[in-house]
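Novice: Supplied in structure tokens, the structure appears directly below.
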Ligand code: ADP
């Protein structure tokens with residue numbers, strides 16, 4: 001008799017041999033079973049029992065073949081249901097000398113999934129007829145999981161790289177992860193601080209709709225201590241191997257919530273952050289239900305890696321979108337710049353042309369005043385051209401934060417007066433009178449050319465958008481600051497535009513009526529900020545606008 005009790009009834013003639021073999025086989029990692037022609041187990045070692053989730057070989061042998069088979073769902077390596085006739089033991093008994101198969105096994109009770117590489121060979125009687133099949137069960141779960149993880153990761157990665165539309169790619173990744181890694185998979189993204197669901201996937205359409213309805217009725221609670229909102233706040237992934245209704249943060253909010261949760265029947269879940277530029281910009285949530293699978297640390301690491309790759313894909317897509325936008329802005333800018341530069345250039349060429357003609361005819365020699373006037377006009381056009389070019393050259397400098405101030409002690413009243421004098425002609429041409437009020441001396445430590453640029457830009461706009469009406473320039477000198485106001489009575493600015501017009505290329509008028517770059521106020525604001533000051537506008541549409549610049553008189557420390 002076999003002391004360890006690992007030999008079943010039947011096949012008595014082999015009893016002795018099994019007993020001897022058991023001494024060797026009890027210690028090995030692979031499971032070994034022997035079955036007779038009726039499919040009954042006649043021998044098993046402890047490793048075989050453990051693979052089947054049973055405590056020992058004795059228990060395994062005491063169970064009927066049906067009992068054992070009913071406990072498990074057997075699938076081929078691709079997850080398709082397996083015809084028991086294809087099991088290597090059956091094949092060996094049917095005459096195949098040796099047969100092997102990779103099996104995916106799921107314990108119906110616990111949901112545990114494992115892979116076994118089963119090899120079988122037959123023991124034949126004297127007449128060469130197979131009597132017994134010896135099965136060797138090698139637990140291939142680790143290799144198989146690694147292979148499956150690598151496949152899922154490669155698939156997710158290629159989907160993420162397939163398009164620069166990251167909404168589409170994330171939806172497709174969620175779909176690709178069911179049912180391989182999850183029964184349910186969802187993606188949420190943060191959109192201006194609000195959690196927005198992007199995708200919910202389940203291999204079965206009806207179950208997917210259930211999940212969608214559930215999430216629509218019970219969106220993530222932004223204050224919950226676990227779940228999507230918590231992962232978005234902390235950037236730390238969550239693993240819930242065993243979901244129980246009592247788990248903190250998931251307690252049912254009401255009876256309907258409880259019922260909906262039961263319908264979904266989640267049993268294990270993990271939530272990983274989708275990190276973009278160091279911040280959690282979304283989450284990837286994976287959950288199991290009907291498969292009964294329980295997640296572990298290896299699954300979490302795979303999910304984390306997919307989350308990281310999704311984050312990289314989003315960052316690339318965003319960088320691409322902003323590069324595209326920058327190229328479009330640049331093209332628009334060049335088109336407008338060309339148009340803007342042409343106007344003073346054409347006027348300048350016209351002046352030079354007429355100077356040439358008048359010189360030839362001798363008119364200018366007889367009329368030096370007219371000559372001087374023409375030269376002045378030409379200079380005016382050239383000046384406008386120079387200002388436009390300066391503005392264009394400022395763009396990259398200011399964009400890169402490379403404004404260098406050459407501060408010196410100056411009197412703002414003098415600078416404002418001189419600048420206004422230079423603008424007097426422009427204002428007159430635009431039908432406006434330009435008045436500088438109470439310009440008392442007010443000294444400060446500023447960059448004179450940049451200050452002149454600030455005043456010029458505001459005056460240019462006042463004459464452009466307030467032509468035909470008076471323009472007033474005031475300033476108030478306080479102990480530490482000076483405030484400059486440029487007021488016109490022109491077209492004004494709608495409330496919704498008052499913030500954005502200070503941004504680059506932002507305009508609140510049509511190019512046809514008022515050509516321009518949309519750069520003047522942006523440059524002005526950047527120069528004011530570089531001086532430690534501030535600028536804002538008050539306005540009423542059709543009534544006019546007042547731009548107020550406040551500058552500290554001395555550079556502020558720190
Ligand atoms: P540009 O004048 O070349 O368009 P700016 O940056 O100087 O560029 O101005 C941006 C926009 O702000 C203008 O297109 C216009 O819509 C609005 N704006 C600026 N100044 C005034 C003003 N004084 N009155 C009305 N609208 C103004």
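Novice: Check 354, 378 and return the single one that is surrounded by fewer than 18 Cβ atoms within 10 Å (Cβ to Cβ), modelled with pLDDT of 85 or more, part of a helix (DSSP H, G or I) and in contact with a helix residue (DSSP H, G or I) (Cβ under 9 Å, 6 or more places away or on another chain).
Specialist: On the way: 378 fails: surrounded by fewer than 18 Cβ atoms within 10 Å (Cβ to Cβ).
It is 354.
Novice: Can you name the residue in the stretch 478-503 that is buried (at least 18 other Cβ atoms within 10 Å of the Cβ) and away from the ligand (no atom under 12 Å from the Cβ) and is also nearest to residue 438 (Cα to Cα) among such residues?
Specialist: 484
Novice: For the stretch 39-120, which fully contained strands (runs of 3 or more DSSP E) count at least 2 residues that are more than 47 Å from the chain's Cα centre (by Cα)? Don't jump to the end; show me each part of the working.
Specialist: Numbers: elements: 41-44, 72-76, 98-107.
Of the strands (runs of 3 or more DSSP E) lying wholly inside the stretch 39-120, those with at least 2 residues that are more than 47 Å from the chain's Cα centre (by Cα) span 41-44, 98-107.
Novice: Out of all the residues in the stretch 235-261, which are out of contact with any strand residue (DSSP E or B) (no Cβ under 8 Å at 6 or more places or on another chain) and either at pLDDT 80 or above or in a helix (DSSP H, G or I) (or both)?
Specialist: Kept after step one, since they are out of contact with any strand residue (DSSP E or B) (no Cβ under 8 Å at 6 or more places or on another chain), are these residues of the stretch 235-261: 244-246, 248-261.
Listed by number, the residues that qualify are 255, 256, 257, 258, 259, 260, 261.
Per-residue answers, yes or no, for (1) surrounded by fewer than 12 Cβ atoms within 10 Å (Cβ to Cβ); (2) in contact with a strand residue (DSSP E or B) (Cβ under 8 Å, 6 or more places away or on another chain); (3) farther than 19 Å from residue 340 by Cβ:
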site	(1), (2), (3)
387	no, no, no
416	no, yes, yes
442	no, yes, yes
459	no, yes, no
464	no, no, no
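Novice: Condition check: over 16 Å from residue 540 (Cβ atoms) and near the ligand (Cβ under 9 Å from one of its atoms). Does residue 474 satisfy that?
Specialist: Numbers: over 16 Å from residue 540 (Cβ atoms): yes; near the ligand (Cβ under 9 Å from one of its atoms): no.
So residue 474 does not fit the description; no.
Novice: Of the conditions (1) under 30 Å from residue 329 (Cβ atoms); (2) more than 13 Å from the ligand (Cβ to nearest atom); (3) in contact with a strand residue (DSSP E or B) (Cβ under 7 Å, 6 or more places away or on another chain), residue 450 fails just one. Which one is it?
Specialist: Every condition holds for residue 450 apart from (3).
Novice: Those residues that are surrounded by fewer than 18 Cβ atoms within 10 Å (Cβ to Cβ), more than 9 Å from the ligand (Cβ to nearest atom) and touching a residue at least 12 places away in the same chain (Cβ under 8 Å), I need them from the stretch 504-537; list them, please.
Specialist: Selection gives 530, 532, 534, 536.
Novice: With respect to the numbered conditions (1) in a loop (DSSP other than H, G, I, E, B); (2) touching a residue at least 60 places away in the same chain (Cβ under 8 Å); (3) away from the ligand (no atom under 12 Å from the Cβ), which one is the sole condition not fulfilled by residue 468?
Specialist: (2)
Novice: Which one of 133, 182, 149 is surrounded by 18 or more Cβ atoms within 10 Å (Cβ to Cβ) and under 15 Å from residue 284 (Cα atoms)? Show your work before the answer.
Specialist: Working: 133 fails: under 15 Å from residue 284 (Cα atoms); 149 fails: under 15 Å from residue 284 (Cα atoms).
Answer to the check: 182.
Novice: Identify all residues within the stretch 538-558 that are more than 8 Å from the ligand (Cβ to nearest atom) and either closer than 18 Å to residue 481 by Cα or buried (at least 16 other Cβ atoms within 10 Å of the Cβ) (or both); write none if there are none.
Specialist: Just the residues of the stretch 538-558 that are more than 8 Å from the ligand (Cβ to nearest atom), to begin with: 538, 540-543, 546, 548-558.
The answer is 546, 548, 549, 550, 551, 552, 553, 554, 555, 556, 557, 558.
Novice: From 315, 319, 287, which residue is more than 21 Å from residue 395 (Cα to Cα), at pLDDT 90 or above and under 16 Å from the mean Cα position of the chain (by Cα)? Full working, then the answer.
Specialist: Working: 319 fails: more than 21 Å from residue 395 (Cα to Cα); 287 fails: under 16 Å from the mean Cα position of the chain (by Cα).
Selected residue: 315, the only one of 315, 319, 287 that is more than 21 Å from residue 395 (Cα to Cα), at pLDDT 90 or above and under 16 Å from the mean Cα position of the chain (by Cα).
The values are calculated or read from the model by the stated rules, or taken from the named source; none is laboratory data. Remember, predicted model here, so these are calculated numbers, not experimental data. No Cβ is skipped: glycine too gets one built from the backbone with ideal geometry, and neighbour counts run over all protein chains shown.
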